[in-house]
Structure formats: C-alpha cells, structure tokens
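Since the structure comes first, as structure tokens, the remarks are kept for the end.
The values are calculated or read from the model by the stated rules, or taken from the named source; none is laboratory data. It should be emphasised that the depicted structure is a prediction, and the values quoted were computed from it without experimental measurement. Using ideal geometry, Cβ is built from the backbone for each residue, glycine included, and neighbour counts are taken over all protein chains shown. The area values use the complete protein model at the heavy-atom level, side chains included, leaving out ligands, DNA and RNA. Shrake-Rupley method; radii C 1.70, N 1.55, O 1.52, S 1.80 Å.
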Amino acid sequence: MNEAEPHIPNVDRVEAAEETNRLAELADLEAPPRLPFAVVGIGASAGGLVAFMELFRAMPSDTGMAFVLVQHLPPDRESMVAEILQRNTAMPVQQVSDDMPVEPNHVYVIRPGYTLTLKNGRLRLGERLEKPRHSRPVDDFFRSLAEEQRERAICVILSGMGSNGAAGGQAVKAVGGLCVAQDPDTAEFPSMPRHLIDAGYADFILRPSEMPEAILAYARHPYARDQRGAEGNKAEGAGSTATPQEVQQREQQQLREILAIVRTRTRFDFTGYKKPTVMRRIQRRMGLNRLTDLGNYAKFLRQNAVEVTGLADDLLIHVTGFFRDADAWEALRQTVIVPLVRSREPEGVIRCWVAACSSGEEAYSLAILLVEESERADKRLNIKVFATDTAERTLSNARNGVYPGGIESEMAPDRLQRFFERDDAVYRVRQDLRERVVFAPQNVLSDPPFSRLDIVTCRNLLIYLEPEVQLRVFALMHFGLREGGALFLGNSEMIPVSAGTFESIDKKARIYRRVGPTRHGTIDFQLPRPSAGELDRQRSNALSPVAPRSVAQLTARALIALHVPAAVTVDRNYHVVYYQGDTQLYLSQPTGEPTQDLIALANEQVRGAVRTALQRAMASGAVEVVPDGWAINGEGQRHRIIVTASPLALHEAPDLFVVSFQRLEASSAPIGLGDDEGTSEGRAPNEELQRLRDELQSAIEELQASAEEHKAAAEEAMSMNEELQSSNEELETSKEEMQSLNEELSTVNSQLHAKMDELQKTSGDLRSLLASTDIAVIFLDSQFRIRRYTPAA
C-alpha cells in the first residue's frame, strides 16, 4: 500500500487508527455468553414430535446443556409434548412459564399460542397469538439465543413445513454458534431443514439420533466451554516447559501458516483482518472438527480442501438484514437520498455501491429507498446499485433474490407488498427492483473501486480490519465518490475528522460527506500476479518459434483471396460471426452504436435480396439464390449482384448460414429498336422499384395477419389473466389457511398417536393383571350390567 505522508501526517494517521480501532474493539469484543453452559434451541413444525423423541432417546441426561423446544402449536389446544417427551428422557421436561430460569440438564417446551425469547438467562413469553401462521416463533427464539449465548448458542432444525428457522440460523451462525439440520431424507416434512441447508447455514446435516454426539463434542470443546474461546496451544503450553512468549510466538507462526494455506487454496487474503476475530473463527472450525491444537488443524487444512472453503466462508462473516438499524436508514433517507433525488434532473443517473453486500439485503434496502423517493418526487431516474462481495455463494443467493419468510418483521407491509412477491414459504424480489441492483464479485481490500458514485455503504466490515487497512479502505471510498457523495458506515464504525477526507453529516447514524480532491498516492490498485505456471507458459510461448505454414495452406489462402466471392457467416438471428473477402461494396456500418446485424449492415440496394435469400434458406434448409440485387461502385457504375444463402453442412454449426455476394459486369446493354433514351435509362430502377413494392406488399400482409392474431391472443390472455389472478388470490388465501391447519392437525395427530400408544400399553398391562389374578372380580356399569370379569369369577 502506498502512503502519502504530505497529505496525511503521521500524527493524524495514528489518531485516526486509534480512534477507529477503539470502536472496532468494542464491536468485536461484545458481551460474553450470559449463561455458563450451552443452550440448545430446537425448532420444528409438522412431524417434529417423532424427531423430538428420536433425538432425546439418544441424548444423555447429564450433558450439562439446556434444551428449549420451539414448535408450531395450535393456540386453542393444550399441548401434550412435555408429557410425551418425559417418557423418552430422564431429564425434567417442563412447559415454559414466563420468566422461568434456564438450568442445565433440563428440557423446556414452548407454551401454545405464545412466542418465546431468552433474556438475561430467563425464558420470556410474548403476547398471546391467536393466528400462529402470522408468527415465526423459531426465528424469534434463535435470534434471542444468538444474542444471549453467542458461541454457546446451538440451534437445531427438525421436520416442519415452511422456512421458519432459516433467518434465526443466520443469526446463530453470525455470532459463532452451531447450526444443525435434520437430514431432509429422514424428515417427514423436509421444508424447514431444507431452507436452512440451501441458505448455507447448516454445519451438520444428520439424523436426529446422530445429533447428540456432534452437539456434545462441540459443547465440550474449549471454544464453547471457555469464556471467549480458549486457545488450544495455550492450554497445552501450560503443562510444558515453554515460556508464555514462546507459546505466543509458536501460535502466531501457526496462525500465519493457516492464513497462507487459505490464501493459496482460495483467492482470499485475511492478513488484514484483526487477529482476535480470525482466531475465534478458526477455533470455531476446530470445534466442529474436534481439534484443539492449531498445528494439527493446519495439517488438517492441507489434507482437506472442503475445510479450507469452510474456514474461508466462516472468516467472511455474513450477517445482514433489510433496513438493519432502522433509525440509521431513516437518517440516510432524510439527509442524503431526499436531497439527492431532488437535485437530479429527470432521466438522471444515480450510482451507488454497497461493499461487502453478503446476501444482498442491504443493497435491496438502498434500492428500495431510492425508488420510493423517485416515485414520491415523480421523477424517472436511472438508479444503479452496485453490490459486491467476495463470497460466490452469498452472491448467488443475492442474485436469486429469494428470502425466507422472516423478513416480514424487517419492513412495513406496504413496502413488502410493493417490492416482493410471496412464493410459498419465501419472498422473491420483484423484477423492477432486481434490475436496479448489479451483483459482482469484488474484494474491497485489493480490487479497484467503482467511480462517480453518489452513495457508498460499507457497514460492519471495518470493525474486523486492522487500523492500517481501515485507512486504505477510506481512501478507496474517497476515490470512488463524487464530490459531496455520501459514505454510510455501521453503527460501531467512525471516520476520524482529522483524516481530512470526510465530514460528518449525521454522527449518530454514521453518515459522512466526501470533501477535498482525490489524493493521488493514497491508494494502490494492485495488478493480478500471474501464477508460476502461467509465467512458464508465457516464457515458452515467447521463446518458441512460430511454426511455418505448409505450401497447401498458402495455396488455399491465395485461391480463396482471388476466386472466392465476398461472403459473411451469420446465425439465425442475422448476427454476423465471420467475414470473408472484401464486403465493402455490399456492407457498411450505419450511424450510431456498432452492430453486427446483417440486415442493418447491408446497403439499401442489396438489403431486400439478402433478407429474402436468408429467409428462404432458413425455411428450406437448402441453397437459395436471389439474382435481383444491385450495387454502385466508387466510379458510379451499376453492378448486378447475385445473393446466395446456404446453410453450413456441419454438425458443429447447424444454425449458421453463409451469405455470398457475386458481382456481374457493369450494365452496358445496347438500346433496342423502338426504345427511347428514357426507357433505357429507367428500366433498371423500375425493376428494382417493382421488387421493393412486391416485398413491401408481402411484408404488409404478413404484418396485418400477425397483428390480428396477436390482438386476439392478447385479448384472450388478458381475460384469462384477470380470471387467473382472481383465482390465484383465492387459492393463496386458502393455501395459507390449509397449511396452518395442516400443521396444527399434524402436531395434534402426533400427540394423539403417542397417547394412544400409551393407552394401549396400559390396557394390555391391566388385561394381563386381571387374567393372572385369582381374585373373582366383576365390573358393572351404572345400570348393574356386567362390563368385565376375571376368569376366577
């Protein structure tokens, strides 16, 4: 990185680094887990009771963890889940009551009709819900679990319909917790675990009976057991003769080795990231793989390419949401977006850049605000939001524009209806909003930035970077913004005023304005370095002599140049893919943007013949000749042109056609007896005019017929669309009601099945008891009629 000392004095750079670093430390070193033991949140819906029982039959009773079960339950019925599960585990199973303390080796079951959260180590019930399909209890609990327990938060998604739990799983994964999904092939209803897996948040995909082993191994690892993630080498060094300094040096060397492996196997360089953050993420991966020594983990990375990808994905912390920190977004709208839209002329351009966009929620949030303000100002603006990230997986999700149902809590209902379409259990970004956002892979630490930008958002990335790297990012943002452009940071990030490149617009919301000219020398655009293999190939290509062409090749080229007519090769869309010979007499580039359309390139005299020949060749699949083209050379002589179109008889190119132009000698026919001068001079133009008239008449008839057909089809489609739209709305409403009812019935049915099994066992025990006793007993009803008696009676 180049530094420009005259522009940014050393004192200012140190102050800027220290100020930003303090904020980063505060954001990174958040409060430790509230409870000293791991808490396992288990979410399920339809079919979940069977998975619950399978899980707890395999779970030991002395794990030292607490288990909280969150299931979609009908609010108007009492739940029998706690009673049924008590027969499958030795741990106490209780239905949650408000403000209930969480204790290890206990199982807690959500109360029907309530949402559940974890706060200050106690379970809190929300307001009673009458319509469970409008709530997302699993997401709500997982989010509170992530906030309270951080790396000691464990979430499990079992059988169920819908996408509930995916958004909460993202929160748990972001704070360094563990996410486990049931294998969809073993789930009665695989939708819920499938959404967690497709979003990329599942660390393990297991059968319920296989989950206890993985969960226990993680919870007993030093990462989850100690205060903020113990370091394996330090633990081992305590019992050895090595001094603390030697242990620390060895640990730093192993950390550099791990980052070098990641940099070599992937294109990500994490040397500029803060070491405590990197260490915590590495320890999390060690916990997943049951390793406690950094050296052994480095060896494991060399042998496992999948783990390298997993570690890189963990280090690229993906945590975002729609309108995250709503007050800050409202401040951005009022102080930046409203004045920006007001100052732009209609059809003006607004360019924005969202750095480290993750799965795209922030980019779509910015685009939504810009579209809303442009519509409010009644201006049609060209809005472009460039959203970049280094992780291809999250970029792919962002491009798809599909998000789980939990986003209802992140934006107003009218905004949700305006910019999203409901598709089963997910929401899909509407096409008009999607077209305004451009997603691309880019590393803000090494790749050049976008330019001429009005707004740049870089939220919650700087808190993970070293101070010197933060200053370089500020320089890149300053370079990319227009004069007066706005920079929007996260609520724990700040630009020091002493840097002299930005001034504060809203200090609380972390919104800044670019000031001053671009400071040349403060940024360094790194060119990609070729690999060793590429360098060897370049050297060998430079040293190796060019192989001489054979006599046959030279002869064929000479004959083609002398005797083959000018021609072009086109596809079925009339796009030229190859030129042969001198086509200047027949083709010319029209005024405006460059084009490869043969019809647009063809001169007016041969355009009709070219179109006719190509249409016939495409329809018949054979050679077609049209002899009525004309062209005028540079000397003003008129030549007759024969246009030939023929398909290429190659299996490799079945949709390519060759159009050749054969020029005849200049017209010099003698004047016939009885022909006057006007007739002789006007014959050729009259023939061409008649041909054009015939073509025009044919085209008009085809267009009229096509227009009538299209009109009828459009009217019919419009009528059908209105009917289908009405039916679709009715079906959508019925589907939501039926899905909610189906989930409730499935849950009740599972409970009743378990109760029936219990009754059958009890009835069998009583029959055996009565059959084996020698006491004569007669059972009577209220009318003294015999209902049952023992054999002795």
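Odds and ends about this structure:
- Accessible area ranking (1.4 Å probe, heavy atoms, ligands and nucleic acids excluded), largest first, for GLU246, GLU307, GLU213: GLU213, GLU246, GLU307.
- Remark: spin-label model distance ALA58-GLU709 equals 6.1 nm, labels positioned 7 Å along the Cα→Cβ axis.
- Near TYR114, the amide H atoms lying under 5 Å from its own belong to LEU129; only residues 5 or more places off or on other chains count, and H is placed 1.01 Å from N.
- Percent of C-alpha pairs per 10 Å bin, segment 416-502, short to long: 14, 38, 25, 18, 4, 0
- Computed E for VAL349/ASP183 - FRET, C-beta separation, R0 41 angstrom, nearest 0.05: 0.25
- Take the Kirkwood radius over Cα pairs of segment 291-348, plug it into Stokes-Einstein at 25 °C and 0.890 mPa s, and you get 155 µm²/s for translational diffusion.
- Accessible surface of ASP327 - all protein chains present, 1.4 Å probe, nearest 10 Å²: 130 Å²
- One equal scatterer on each Cα of segment 567-622, no solvent, Debye formula: the resulting log10 I(q)/I(0) at q = 0.17, 0.23, 0.27 Å⁻¹ is -0.53, -0.96, -1.26.
- Peptides ranked, highest mean first, by Cβ atoms within 10 Å: ranges 445-452, 600-607, 557-564, 138-145: 138-145, 600-607, 445-452, 557-564
- Stretch gain in nm, segment LEU769-THR518, where the contour uses 0.36 nm per residue and the Cα spacing is subtracted: 81.0 nm
- Distant-in-sequence amide contacts of GLN95, defined by a placed amide H-H separation under 5 Å and a gap of 5 or more residues or a different chain, comprise VAL109.
- Order of exposure, largest accessible area first, which applies to ILE599, ILE505 with probe 1.4 Å: ILE505, ILE599
- Taking all protein chains together, TYR586, TYR464 sort by accessible area into TYR464, TYR586, largest first [probe 1.4 Å].
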